[in-house]
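For reference, the structure discussed in these notes is given below.
None of the figures in this text is laboratory data; all of them are computed from the coordinates on show. Treat the numbers as computed from the prediction; the structure is a model and nothing was measured. Don't worry about glycine lacking a Cβ; one is built from the backbone with ideal geometry, like all the others, and counts go over all protein chains shown.
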Amino acid sequence: MMDVREAFLAFFESKQHERVGSSPLVPDDATLLFTNAGMVPFKSIFTGDIPIPANPRATSAQTCLRAGGKHNDLENVGHTARHHTFFEMLGNFSFGDYFKEEAIAYGWEFITQVMKLPVEKLWVTVHESDDEAETIWKKHIAADRIVRLGDKDNFWQMGDTGPCGPCSEIFIDQGAEHFNGPEDYMGGDGDRFLEIWNLVFMQYERNAKGELKPLPKPSIDTGMGLERATAVLEGALSNYDSSLFMPIIRKVEALIGKPYTYASGASYRVIADHIRTVMFLLSQGVNFSNEGRGYVLRRILRRAVRHGYLLGFTKPFMFEVADTVAELMGKTYPYLNEKLAVVKEQIMLEEERFFKTIASGIELFNEELNTTDKVFSGEVAFKLYDTFGFPLDLTEDMLREKNLGLDVEKFEQLMSLQRERAKAAWKGSGDTAVEGDFKTLLETFGVNTFIGYGYTTAPVKIQALLGENFERVDQLHARHKGWVMLEQTPFYAESGGQSGDIGVLGHKATVTDTKKFHGLNLSHVETRETIAVGEMIEAVVDISRNEIEKHHSATHLLHAALYELLGEHISQAGSLVEHNRLRFDFSHPKALSHEEIASVEERVNHHILHALEGKTREMSIEEAKKSGAKAQFGEKYGDRVRVVDFGGASVEFCGGTHVANTAVIGMFIITKESGVSAGVRRIEAVCGNAAYNLFKANRHLIEEVEVSVKNRDILAGIDRLKEQVKTLKTEMASLASASKEELSITMMGNTAVVIAQLGAGDIKERIDELKNSHDSICVMLFQIKDDKVLLASGVKNSSLKAGEWVKAIAPIVGGGGGGRPDFAQAGGKDPSKIGEAQAAALAYVTQELS
């Protein structure tokens, strides 16, 4: 069977296209949640932000994800033959080189000569205004198989403004014997005529007025879904019936022990799609969380788990399906195999977390369903989210199956009140999209040179200046802010977790930060005097760079220590290196014990004290991999890379700056170990001057404690205070017991009923005492605390439910709450209504027990 991906890439390589590897699913684009199309990695070229590369032709198989924002296919997955959250987009691109003639010819040649699809089943569409494309197509296909369509189907644009143009799509007729509905015609929404390739002719620029201006160098952007192309080649009428998905479905089938049939197998297909998405996101460093991309990941996994629950799974299973994905795709994407053990652990932990609450959540859902006519309660949907971990779209999925709506407005109100950080309408990465005159700088000067590995001071030439909004200027006047591009710069630009350098440019400007934009190293400056393009000036990196280097090198040693002491599953999941702290995130299934933390800290300090020499070598990426150097996924490495080696104890790919010898670090102290998400831990630490400052602060704290406990032996002083507290507690308990107020008890049949206001004491403890002293009891107690009302109820051996009782009474005192049938509690704002609430509570219990 043909490997469509490899055949496509090899075909376009033969047409002088450069094969470009797939970019990460998390794009280098602040406006996008995920990479959602093959052209995303080339967007800056198409928009003109950076120059056209030396080879203006490229081809790629780009991993894409559509599960949020404008492009969101989530709710259709599993229920249609073609929708996926994760997919691979095959594409060929021309950046101002060839245009329609070659693009159409290449497309036709690949479809008919390489894939060998039957010509008699092929159709094409062109934009209704594109005479040129139609004329070219007539060289390859009969005129009666060319269909003109309007903007809705055959005009593509990147945004409201910018590059755009008509497109031409290639379709295959899957046969009237399979599809014969009212929409199964060319241009209809049925599945008979299936689009397999879209050729976009970017020939216009749309301005803010909506006017189209011809581009001087039109470009080509094409996209063909690998899953769709594979299914067509294999004669499968659904992508899920192809060799890309059936092994995954068969794995699920084997795990659950129930046969898969297409008609009733939507849940199998959802799982098969979602496990691919989860695997790729986790392998690429996205972790489960309650916000941003991590929340999309959590939603997708939990949606799959819920479909597994529908099939009959009652314990984690997705992590076992991960093995099949690695078998199918690990050869093309080796990181799937490299991260498999860690990823499976993360999936299993997240599954366990959801399986603990899914049954209770579905029970609550079904209870509310019994009282729902057309619109499901937003309050219950929020409780499903907040208490049972059901993402909103999972509840919506369940309601869609019942043809019911949801009070989304109420849900959103509760969300904004309780969890502002988890707003449903999450857009982009949270960063600011940066636009500016970067293209002209690259075309005029190319990328500037970083000399900071060897120099922290240097006479340099100001090559270009940009204003605060990245517009090119000839000079920055005194007391202004902007960006400076130095011909050669000693200032390190923020990347790889290391913060950007600060410093000064002579006596004329302060450098407040340094960042990279499209490969350009630019320093943000605040001027004291006017600086101008072409000026020579002394660049001086701030002394804080020394402390940054200590923390960066210590991070490498920490990574090595964790790998050595905890196991080979350890891999970096994120880092931050600043002058006064470091933060290191790593894959590990559970919290580190005190002993493990101590061992890691000791191992790092061992390497520091042994004064290991730091050696940096530049080598080919293949040579570096063979040397065993650790690389980080998502980092962009060129053909040649820098490898930092500390005496063999730590060997990593790294473009950052480091100490020449580990002894310079001084001391390494772990300040905190915590969890980031399921399967990911975080260590925070300090070294160098920050470690000394921590020591000083702790020494001062100890001195203050000595004064407070009135003893130079702190532990002895604390023990004395604990004994005093213990004695006082015993005395207070005796007093409380002696003065405990009597509560009036009324018998209703065999059930004791207590409704009262408690003056002092613990309300729950008092309810427990009453329940323990009666075989059958219903009790509700009220108490005023800090001008607010606390009420709680307890029920034992009675048909009355404490949660429902509290739910009915709490609103009287201006509150709300609930709980279990045997115990519930609530808060209220209006103590003046306690008497009214007590009367209502008595009426309620009387009615229930009568």
Requested in this report: Could you state the orientation-averaged shadow area of the convex hull built on the Cα atoms of the stretch 335-404, in nm² to one decimal?
Outcome: 5.6
Report summary line: Expressed in µm² per second, the diffusion coefficient of the stretch 1-138 from the Stokes-Einstein equation, with Rh the Kirkwood radius over alpha carbon pairs, at 25 °C and 0.890 mPa s, is 145
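Counting each DSSP H run of 4 or more residues in the chain as -39500 (n - 2.57), what helix-only mean residue ellipticity at 222 nm follows after dividing by all residues, to the nearest 500 deg cm²/dmol?
So the helix-based figure for the chain works out to -11000 deg cm²/dmol.
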Report task. Please figure out what share of the DSSP beta bridges in the stretch 670-791 is antiparallel and state it in percent, rounded to the nearest 5. Result -> 70
Report task. Would you mind pulling out the separation of the Cα centroids of the stretch 101-160 and the stretch 490-553, in Å? Result -> 52
Query raised in the report: Cα-Cα pairs above 15 Å in the stretch 755-845: how many percent?
Result: 52
Requested in this report: Enter the angle in degrees (range 0 to 90, nearest 10) between the Cα long axis of helix 714-738 and the first principal axis of the Cα atoms of the chain, meaning the one along which they spread out most.
Outcome: 50
Query - Normalised alpha carbon radius of gyration of the stretch 4-57 [divisor 2.2 N^0.38 Å] - result: 1.26
Report summary line: Once phi for every residue in the stretch 595-603 is put through the Karplus expression 6.51 cos²θ - 1.76 cosθ + 1.60 (θ = phi - 60°), the whole-Hz ³J(HN,Hα) values, with Gly and Pro written as x, are 5, 5, 4, 4, 5, 5, 4, 5, 5
Requested in this report: Among DSSP beta bridges whose residues both lie in the stretch 1-147, state the antiparallel percentage, nearest 5.
Outcome: 70
**Report entry** Derived scalar couplings ³J(HN,Hα) [the stretch 708-713; Karplus, 6.51 cos²θ - 1.76 cosθ + 1.60; whole Hz; x for Gly, Pro]
**Finding:** 5, 8, 6, 7, 5, 8
Report task. Please sort 188-199, 744-755 by packing, taking for each peptide the average over its residues of neighbouring beta carbons within 10 angstrom, highest first. Result -> 188-199, 744-755
Query - Three-way shape label, the stretch 222-361, alpha-carbon gyration tensor, a/c 1.5 - result: oblate
Report task. Among the lysines, select those whose C-alpha is under 20 Å from the C-alpha of Lys138, and discard any that sit fewer than 8 residues away in the same chain. Result -> Lys100, Lys116, Lys121
Query - Summed side-chain charge close to Ala493 - residues other than Ala493 whose Cβ falls under 10 Å, Lys, Arg +1, Asp, Glu -1 - result: -1
Query raised in the report: Which of the lysines could a cross-linker span from Lys374 if the Cα-Cα distance has to be under 21 Å and same-chain partners fewer than 8 positions apart are dropped?
Result: Lys383, Lys402, Lys410
Query raised in the report: Average projected area of the Cα convex hull of the stretch 668-767, in nm²?
Result: 13.7
Report summary line: In degrees rounded to 10, the 0-90 angle between helix 340-369 Cα long axis and the longest Cα principal axis of the chain is 60
**Report entry** Total lysine pairs whose alpha carbons fall under 18 Å of each other in the stretch 569-637 (8 or more apart, or interchain)
**Finding:** 4
Query raised in the report: Which aspartates and glutamates, on any chain, are close to Lys461 with Cα under 12 Å apart, when same-chain ones fewer than 8 places away are left out?
Result: Glu487, Glu535, Glu538
Report summary line: Dimensionless Rg/Rh of the stretch 69-178, both radii on Cα and Rh by Kirkwood, sits at 0.98
Query raised in the report: Mind listing the Cα extents of the stretch 64-134 along all three principal axes, in Å, largest one first?
Result: 38, 31, 25
Requested in this report: Would you please state the base-10 log of I(q)/I(0) at q = 0.17, 0.18 1/Å for the stretch 460-563, with intensities from the Debye formula using one equal scatterer on every alpha carbon?
Outcome: -0.72, -0.79
Query raised in the report: Given the stretch 527-643, what whole percent of its Cα pairs are spread farther than 18 Å?
Result: 65
Query raised in the report: Hull surface divided by four, with the convex hull built on the Cα atoms of the stretch 235-310: how many nm²?
Result: 5.7
**Report entry** Calculated over the chain: convex hull of Cα atoms, volume per residue (Å³)
**Finding:** 232
**Report entry** Packing-based order for 607-613, 824-830, using average beta carbon neighbours within 10 Å, highest first
**Finding:** 824-830, 607-613
Report summary line: If amide H atoms are modeled at 1.01 Å from N in the peptide plane, then the residues at a separation of 5 or more from Phe782, or on another chain, having amide H under 5 Å from its own are Ala756, Gln757, Leu758
Query raised in the report: What number of lysine-lysine pairs in the stretch 709-799 show an alpha-carbon separation below 27 angstrom, given a sequence spacing of 8 or more or placement on distinct chains?
Result: 25
Query raised in the report: What number comes out for the charge environment of Gln724, summing +1 per Lys or Arg and -1 per Asp or Glu over other residues with Cβ under 14 Å away?
Result: +2
Query raised in the report: Using the Karplus equation 6.51 cos²θ - 1.76 cosθ + 1.60 (θ = phi - 60°), what ³J(HN,Hα) coupling, rounded to whole Hz, does each residue of the stretch 548-565 give in order, writing x for Gly and Pro?
Result: 4, 5, 4, 5, 5, 5, 5, 4, 4, 5, 5, 4, 5, 5, 5, 4, 6, 8
Query raised in the report: Per residue, what volume in Å³ does the convex hull of the Cα atoms of the stretch 571-628 enclose?
Result: 158
Requested in this report: Tell me which residues come under 5 Å, amide H to amide H, from Leu33 once H is placed; ignore anything under 5 positions away on its chain.
Outcome: Gly428
**Report entry** Amide H contacts of Gly38 (H built 1.01 Å from N, under 5 Å, at least 5 apart or other chain)
**Finding:** none
Query raised in the report: Taking the highest mean first, how do the peptides 651-663, 49-61, 297-309 order by number of other beta carbon atoms within 10 angstrom per residue?
Result: 297-309, 651-663, 49-61
